[in-house]
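Below you'll find the structure, written out as structure tokens, and then a few comments.
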Amino acid sequence: MFYTDGKLQFPVRVEKPNPLFARALQQAIGGVEGEIRVMMQYLFQGWGSRGPRKYRDMLINTGTEEIGHIEMLATAVALNLEGAPLSMQEEAAADPMVGAVMGGMNLRHILSTGLGATPENANGVPFNCSHVYASGNIAADMYANVTAEATGRTLAVRLHGMTDDPGMKEMLSFLIARDTIHQQQWLAVIEELGGYRGVLPIPNSFDQAQEQQQYSYAYFGHRTDGQVPAGRWTEGPSLDGKGQFTTMRSEPLGGEPMLAPPPPDSGAQAEQVTAQTPAAANDPLGSGPSRVA
């Protein structure tokens with residue numbers, strides 16, 4: 001259950017409305033780096049969380065905060081649209097600057113919402129949840145959350161540099177600060193779980209004896225000249241302390257894939273249906289082609 005008291009988490013004020021900046025703010029609402037993404041990500045992680053209850057509570061609490069951030073940004077979009085031109089022909093013809101603004105603003109702010117925010121990015125692409133990650137693995141989700149907050153903070157910093165409006169800078173500086181703590185809290189969970197040595201490889205519940213361990217810590221080089229980009233990942237102990245980094249030149253370990261002919265009723269051409277695969281041509285007993293690649 002969710003409640004609201006109708007008040008903003010932080011003051012939102014705009015001294016000089018700017019429809020172009022309203023469009024830019026849409027990225028912080030519905031972009032891949034935006035607040036809808038992290039709100040949905042934290043809430044779905046929390047709703048599906050199994051194990052210690054404190055992680056569920058923390059995730060849902062933070063997801064709830066992100067609802068408030070969307071409220072702030074939607075308010076900021078609306079305030080930046082106040083006074084925006086509504087007549088393209090008359091006002092743009094009278095003032096070339098108005099024409100430039102109209103050409104750069106999101107016309108859905110006029111046509112669809114009547115000077116309000118939309119659940120989409122700065123290019124008008126609706127948010128679709130395809131980049132919401134909730135794996136059910138607490139360590140994997142924490143790393144995904146750190147990445148989400150890092151890209152979100154980067155976006156907020158860029159928006160901060162795009163505006164000279166004092167109110168917008170103040171609001172964005174608050175959101176940047178919240179991104180700072182959110183990065184820290186997700187990393188704190190990883191530390192609490194044992195740090196990267198404790199959580200790696202993810203999931204750490206899988207018995208590594210079942211891996212083909214000769215490849216577990218080998219960095220594959222795929223360059224035709226045999227050069228390998230050397231670094232911390234090519235030599236020395238692995239980060240989880242369970243192996244040693246090595247390098248291997250990538251070589252094909254399997255053969256060429258060979259598939260059986262299509263079934264007669266598959267809609268393929270007759271020449272495809274009757275053709276023999278290389279394996280079938282060398283199989284006089286008719287046991288069929290190998291499907292091992």
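Quick notes
- Which listed residue is assigned by TED's automatic domain parsing to the domain that holds R153, under 23 Å from A188 (Cα atoms) and in contact (Cβ under 8 Å) with a residue 12 or more places away in the chain, from M72, M58: M58
- The residue list H222, H131 contains one member that is at pLDDT below 95 and closer than 30 Å to G241 by Cβ, which is H222.
- Residue check for S112: without any contact (Cβ under 8 Å) to a residue 40 or more places away in the chain, in contact with a Ser or Thr (Cβ under 8 Å, 6 or more places away or on another chain) and of a type in the set (S, T, N, Q): yes
- Residue in region 4-25 that is assigned by TED's automatic domain parsing to the domain that holds I190, in a helix (DSSP H, G or I) and touching a Phe, Trp or Tyr at 6+ places or on another chain (Cβ under 7 Å) present: no
- Residue selected from region 113-136 under the condition crowded, with 16+ Cβ neighbours inside 10 Å and more than 17 Å from the chain's Cα centre (by Cα), by the criterion nearest to I36 (Cα to Cα): T118
The values are calculated or read from the model by the stated rules, or taken from the named source; none is laboratory data. In this text the structure is predicted, and so the values were computed from the model without any measurement. Counting neighbours? That spans all protein chains shown, and the Cβs are built from the backbone with ideal geometry, glycine included.
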